[in-house]
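So the structure is just underneath, and the comments pick up after that.
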Amino acid sequence: MVEDPRITQTREKALAASQEILLENGVLALTHGAVSNATGISRSTLYRHWTDVKALRDATFRRIATPQNIAPKTDGPLRADLLWLLGILVDALNETPWGSVAPQVIAASTSDDEAKQVITGFMTDRFSFVNAVFQAAVERGEIGSSAPINQLIEVAVSGPYFRKLVLHEPLTKSWLEQHVDLICRMALPVSNNPSE
């Protein structure tokens with residue numbers, strides 16, 4: 001059954017306003033009343049879509065966290081592929097709503113299962129993209145099959161988040177290049193011969 005386009009339009013209008021409220025004023029400012037005031041949609045209509053503030057907040061988180069529909073670049077070399085892919089993540093953290101909302105989703109995920117699902121789903125998507133890059137590098141013979149790929153993925157993806165959200169340091173092009181160079185060095189096999 002096809003949903004009435006007016007219902008879809010109302011939901012989208014409310015979520016767009018919710019996103020703006022979240023970005024401008026934070027998670028505590030996001031209420032049915034605030035969305036109603038911003039959109040002119042009645043509170044009763046909003047409650048029919050989202051029975052409580054948590055459901056409204058989580059729907060807004062999910063809307064913002066929906067990943068771009070991209071396929072990872074895997075034609076090599078590893079450094080170029082990682083720069084391209086992690087560059088998208090850095091741009092998202094620097095220039096999109098996700099960069100402002102991610103800390104709120106992460107904080108909410110400590111006590112809210114839906115927020116936990118949002119952040120876990122978002123990270124699973126990101127990890128799968130980076131995994132594809134490393135698997136292609138293994139297939140090309142650029143790195144060995146014994147490389148600790150899961151740990152490399154964690155370092156690759158968590159580094160930008162840690163730098164921006166915990167250290168409050170900028171994510172610059174030069175930092176990204178250093179980060180990728182470190183990951184590439186970590187991906188190489190460790191030599192047992194100190195003279196090499």
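Just a few scattered comments:
- Residue check, I41 out of contact with any Leu (no Cβ under 6 Å at 6 or more places or on another chain), more than 15 Å from Y161 (Cβ to Cβ) and at pLDDT below 90: no
- Of everything in the stretch 24-37 that is surrounded by fewer than 16 Cβ atoms within 10 Å (Cβ to Cβ) and of a type in the set (A, V, I, L, M), the residue that is nearest to Q117 (Cα to Cα) is L28.
- Filtered by the rule that a residue be under 27 Å from E139 (Cα atoms) and of a type outside the set (A, V, I, L, M), the stretch 72-120 gives P72, K73, T74, D75, G76, P77, R79, D81, W84, G87.
- Looking only at residues in the stretch 40-73 that are surrounded by fewer than 17 Cβ atoms within 10 Å (Cβ to Cβ) and of a type in the set (S, T, Y), the one that is nearest to G87 (Cα to Cα) is T66.
The values are calculated or read from the model by the stated rules, or taken from the named source; none is laboratory data. Computed from a prediction, not measured in an experiment: that's the story for all the values here. Every residue, glycine among them, receives a Cβ derived from its backbone with ideal geometry; neighbour counts consider all protein chains shown.
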